[in-house]
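Engineer: The following block contains the structure, expressed as structure tokens.
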Amino acid sequence: METYDGGAGAPQAEGVPGDAAEARTDEVRADEVRPGQASTEEAGAEGSTEGVRPTDARTTLPVAELHLHIEGTLEPELIFALAERNGITLPYADLDELRARYEFTDLQSFLDLYYANMAVLQTEQDFADMTRAYLARAATAGVRHAEIMMDPQAHLSRGVSLATCVNGVASVLATSQQEFGISTLLIAAFLRDLSEDSALEVLEQLLAMDAPIAGIGLDSAEVGNPPSKFQRLFARAKEAGLRRIAHAGEEGPTAYIIEALDVLGVERIDHGIRCMEDTDLVERLVHELMPLTVCPLSNVRLRAVDTLAEHPLPAMLAAGLNVSVNSDDPAYFGGYVDDNFARLRSEIGLSDFDCVRLAANSIRSSFADEDRKTELLAELAASGR
Ligand SMILES: [Zn+2]
């Protein structure tokens, strides 16, 4: 498989920002990581989180959000506001009726509502307003760097042009660091239930218009749409110098995670929670420091796990996996990054040490440049003092 080199920001599975300088100078080798490394409590006893103490259940530690669909940030209030602005009649009488639809039985039941609500996104201003609303909320959640996926095909199929959706989102991202203190990257995600030819065609259009995308992702209905279906797409993205990520192992089997690594050459796995079903795969992921962008509240809401108490995150941390916490589609799944951390702390007793470790993992696993990572790790190290 192809992985990005340490100089481009390989994460450290240890995940604790003892000294920000080490992130700047260390070349992380996979053999430094011990599969089945010390438990988080033991590691905490080493003192490496000393001085970093979130003070309440709602952590605002500086984090990078690596798994976020901008269309999934469309809050019910904004859906109604945009519908009114665009003269669109919604199939819901009021906010309460819309909110009542947020009881999902599985991934597909969510996707049906998610795509239906996109109808209100018509103009560049609509996309810009949605993006600005996310960044304003994310800033209060401690997000300091965000790698934001958008689904161009979902808009093209509604007759909304690539220029409209890309420019609307990108216009706000361009000033997000000054306006919200959040550095950003845009990732074009492709719908895996559509054909590879469709994805290739859209990717070529994005490249032709010089869209400000840093990478590509793969999302939507997972089961029955294995990563191998998109081998040519990912090869083309690599050729174009784009970063590559894919959803795998959310509802789909462990074989999809392995395919994403071996066939697509991805640099991060979105979700990946089902890796815990395969000890050999866990060992490999630990050895390769492969980032897994876990979304706990999403997993519960979509019934990938029954309750937060049964979520595999603690076991993933104990196994030494390079996991981070992300909000996925926060308007639909019960909260933003800070909500995820707060509920992990209150419902499964996530420790201060683990919160810091997850935050550090997120920063190190991002595609931000080394200077930005160093800056954020230093901010994390200082956040409890
Ligand atoms: Zn997702």
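Engineer: Give the residues of segment 231-249 that are crowded, with 24+ Cβ neighbours inside 10 Å and within 16 Å of the ligand (Cβ to nearest atom), sorted by residue number.
Structural biologist: Across segment 231-249, the qualifying residues are I245, A246, H247, A248, G249.
Engineer: Now for a separate question. Only one residue in A360, A368, A319 is in contact with a His (Cβ under 8 Å, 6 or more places away or on another chain), away from the ligand (no atom under 15 Å from the Cβ) and among the small types (G, A, S), so which one is that?
Structural biologist: Going through A360, A368, A319 in turn, just one is in contact with a His (Cβ under 8 Å, 6 or more places away or on another chain), away from the ligand (no atom under 15 Å from the Cβ) and among the small types (G, A, S): A368.
Engineer: Right, another one. Quick check on A154: is it in contact (Cβ under 8 Å) with a residue 24 or more places away in the chain, surrounded by 18 or more Cβ atoms within 10 Å (Cβ to Cβ), in contact with an Asp or Glu (Cβ under 6 Å, 6 or more places away or on another chain) and not hydroxyl-bearing (S, T, Y)?
Structural biologist: No.
Engineer: Also: In segment 273-296, how many are within 16 Å of the ligand (Cβ to nearest atom) and out of contact with any strand residue (DSSP E or B) (no Cβ under 8 Å at 6 or more places or on another chain)?
Structural biologist: 1
Engineer: To continue, here is another question. Give me a count of the residues in segment 66-114 that are over 22 Å from R137 (Cβ atoms), within 16 Å of the ligand (Cβ to nearest atom) and touching a helix residue (DSSP H, G or I) at 6+ places or on another chain (Cβ under 7 Å).
Structural biologist: The number of residues fulfilling the criteria is 0.
Engineer: Please pick out the residue among D339, D329 that is within 15 Å of the ligand (Cβ to nearest atom), farther than 19 Å from Y256 by Cα and among the charged types (D, E, K, R).
Structural biologist: D329
Engineer: Looking at (1) surrounded by 24 or more Cβ atoms within 10 Å (Cβ to Cβ); (2) within 16 Å of the ligand (Cβ to nearest atom), can you tell me which one V305 breaks?
Structural biologist: Every condition holds for V305 apart from (1).
Engineer: From the residues in segment 163-204 that are of a type in the set (D, E, K, R) and over 18 Å from the mean Cα position of the chain (by Cα), which one is surrounded by the fewest Cβ atoms within 10 Å (Cβ to Cβ)?
Structural biologist: Across segment 163-204, the extreme among qualifying residues is D197.
Engineer: Could you please find all residues in segment 67-78 being in a helix (DSSP H, G or I) and within 24 Å of D219 (Cα to Cα)?
Structural biologist: I70, E71, G72, T73, P76, L78
Engineer: Turning to a different aspect of this structure: What number of residues in segment 79-115 are under 22 Å from the mean Cα position of the chain (by Cα) and in a helix (DSSP H, G or I)?
Structural biologist: 9
Engineer: Still on this structure: Taking the residues in segment 250-272 that are within 12 Å of the ligand (Cβ to nearest atom) and not in a strand (DSSP E or B) as candidates, determine which candidate is surrounded by the most Cβ atoms within 10 Å (Cβ to Cβ).
Structural biologist: The extreme case among them is G272.
Engineer: Could you tell me whether any residue of segment 246-269 is out of contact with any Pro (no Cβ under 9 Å at 6 or more places or on another chain), within 30 Å of L376 (Cα to Cα) and without any contact (Cβ under 8 Å) to a residue 24 or more places away in the chain?
Structural biologist: no
Read-outs throughout are calculated quantities, based only on the coordinates presented, and are distinct from any laboratory measurement. Note that the structure is a prediction, hence the values are computed from the model and not measured. With ideal geometry, Cβ positions are generated from the backbone for all residues, glycine too; neighbour counts draw on all protein chains shown.
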